[in-house]
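Scroll down for the structure; my scribbles are underneath it.
The values are calculated or read from the model by the stated rules, or taken from the named source; none is laboratory data. Quantities reported herein were computed from a predicted structural model and do not represent experimental measurements. Heads up, the Cβs are rebuilt from the backbone with ideal geometry, glycines too, and the neighbour counts pull from every protein chain shown.
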Amino acid sequence: MSVENKIIAIIAEQVFLEPGEVPPTATLEELGVDSMALVECIFAIEEQFEVQVPFNANQPNASGFDISSVKSIVAAVEVLILEQKQ
């Protein structure tokens with residue numbers, strides 16, 4: 001399963017959707033991801049990919065981790081995975 005598919009599955013689980021109902025271009029707001037679900041998604045991503053996500057729930061826009069869309073989260077996680085391998 002690709003990074004994108006795993007992240008889509010994580011997000012879908014948090015908002016009670018099927019993975020096919022989570023388009024990569026969707027924003028978290030469009031999917032109904034609230035702040036608690038976002039934190040749960042971040043924890044699940046960290047566990048799934050064994051990475052440390054630089055995210056502060058109190059200041060989500062100041063963390064440098066782009067959560068503007070599913071696609072942006074995938075791209076940010078792929079960078080974290082690559083950085084970890086170095």
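Report, by residue number, each residue of the range 33-47 that is more than 11 Å from the chain's Cα centre (by Cα) and at pLDDT 95 or above.
Of the range 33-47, the ones more than 11 Å from the chain's Cα centre (by Cα) are 34-36, 47.
GLU47 - this is the single residue of the range 33-47 that is more than 11 Å from the chain's Cα centre (by Cα) and at pLDDT 95 or above.
Checking ILE7 against (1) of a type in the set (A, V, I, L, M, F, W, C); (2) modelled with pLDDT of 95 or more; (3) out of contact with any helix residue (DSSP H, G or I) (no Cβ under 9 Å at 6 or more places or on another chain), which single condition isn't satisfied?
All conditions pass for ILE7, except number (3).
State which residue is farthest from VAL53 (Cα to Cα) when the search covers only the range 23-34 and only residues that are part of a loop (DSSP other than H, G, I, E, B) and without any contact (Cβ under 8 Å) to a residue 40 or more places away in the chain. Break it down stepwise before answering.
Taking the range 23-34 as the starting set, the residues that turn out to be part of a loop (DSSP other than H, G, I, E, B) are 23-27, 32-34.
Keeping just the survivors that are without any contact (Cβ under 8 Å) to a residue 40 or more places away in the chain gives 32-34.
Details: GLY32: 21, VAL33: 18, ASP34: 18 Å.
Among residues in the range 23-34 that are part of a loop (DSSP other than H, G, I, E, B) and without any contact (Cβ under 8 Å) to a residue 40 or more places away in the chain, the one farthest from VAL53 (Cα to Cα) is GLY32.
Which residues, taken from the range 1-21, are β-branched (Val, Ile, Thr) and more than 12 Å from the chain's Cα centre (by Cα)?
Step one: list which residues in the range 1-21 are β-branched (Val, Ile, Thr), which gives 3, 7-8, 10-11, 15.
VAL15, the sole residue that qualifies.
If the requirement is being surrounded by 11 or more Cβ atoms within 10 Å (Cβ to Cβ), assigned to a helix (DSSP H, G or I) and out of contact with any Pro (no Cβ under 9 Å at 6 or more places or on another chain), which of these qualifies: GLU47, GLU4, GLU78, GLU83?
Answer to the selection: GLU78.
Which one of these is outside any helix (DSSP H, G or I) and either in contact with a Leu (Cβ under 7 Å, 6 or more places away or on another chain) or without any contact (Cβ under 8 Å) to a residue 12 or more places away in the chain (or both): GLY64, GLY20?
On the way: GLY20 fails: outside any helix (DSSP H, G or I).
Answer to the selection: GLY64.
Do we find that ILE42 is crowded, with 18+ Cβ neighbours inside 10 Å, without any contact (Cβ under 8 Å) to a residue 60 or more places away in the chain and not basic (Lys, Arg) in this structure? Outline the logic, then answer.
Values: crowded, with 18+ Cβ neighbours inside 10 Å: yes; without any contact (Cβ under 8 Å) to a residue 60 or more places away in the chain: yes; not basic (Lys, Arg): yes.
It is true that ILE42 is crowded, with 18+ Cβ neighbours inside 10 Å, without any contact (Cβ under 8 Å) to a residue 60 or more places away in the chain and not basic (Lys, Arg).
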